[in-house]
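The values are calculated or read from the model by the stated rules, or taken from the named source; none is laboratory data. These numbers come from a predicted model, not from an experiment. FYI the Cβ positions are ideal-geometry reconstructions off the backbone, even for glycines, and counts take in every protein chain you see. Calculation scope for accessible area: heavy atoms of the full protein, side chains included, ligands and nucleic acids excluded. Shrake-Rupley method; radii C 1.70, N 1.55, O 1.52, S 1.80 Å.
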Amino acid sequence: MRPIRAVCLGAATALTALLACAPVSAAAATDTHPAHDKGKHRVITLTGELRQQTQFPVNATGPAAQGDRTVFRSELFDQNHKSVGETNGTCTTTRAIEGGAEVCVVTYTLPGGQLSVQGMVFGHLNAGPPPSFDNGITGGTGEFDRARGSVHADTIRMGVRRFTIDLYL
């Protein structure tokens, strides 16, 4: 009879081999048309108005610190100021010196589906209006199910941003 350790090692090796091969065949079977090859490019310009924001500081009465979190929700409007969706997200401070840096994960809920977006925002601790930033589109649902591209954000005034979504489907 083999010791249990040897059986576990054999099973682990087999599982590792199986998992190492599986993504290659699954990717070939399900992603035969990369997003940029489809030729569907859209640019969507929206305005976001902050509706709710909660901060969760590491140091409740102290200075900004690594690990501080902000959770937010904004309402999205088209160029005619018609409400067309919302953003919901969280940002976590990763650098609390030299103007700060935070990593953000945001979902844009739009007619037809959702867009998942993530990336860095630099300079959020500097005085003045929030900085502009560019984040990557990492996926989506519905009509955006194979979305890629980027989102550029500019502050119009406190609590209001312009989002330019450069989208490849």
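Structural remarks
- Neighbours of Asp166, meaning other residues whose beta-carbon lies under 14 angstrom from its beta-carbon, give a summed charge of +2 when Lys and Arg score +1 and Asp and Glu score -1.
- Summed side-chain charge close to Val84 - residues other than Val84 whose Cβ falls under 11 Å, Lys, Arg +1, Asp, Glu -1: -2
- A convex hull fitted around the alpha carbon atoms of the stretch 37-122 yields 124 Å³ per residue.
- With every protein chain in place, the stretch 126-169: carbon and sulfur % of accessible area (1.4 Å): 49 percent
- This model, with +1 at the C-beta of Lys and Arg and -1 at the C-beta of Asp and Glu, gives the stretch 69-147 a dipole about its Cα centre of some 160 debye.
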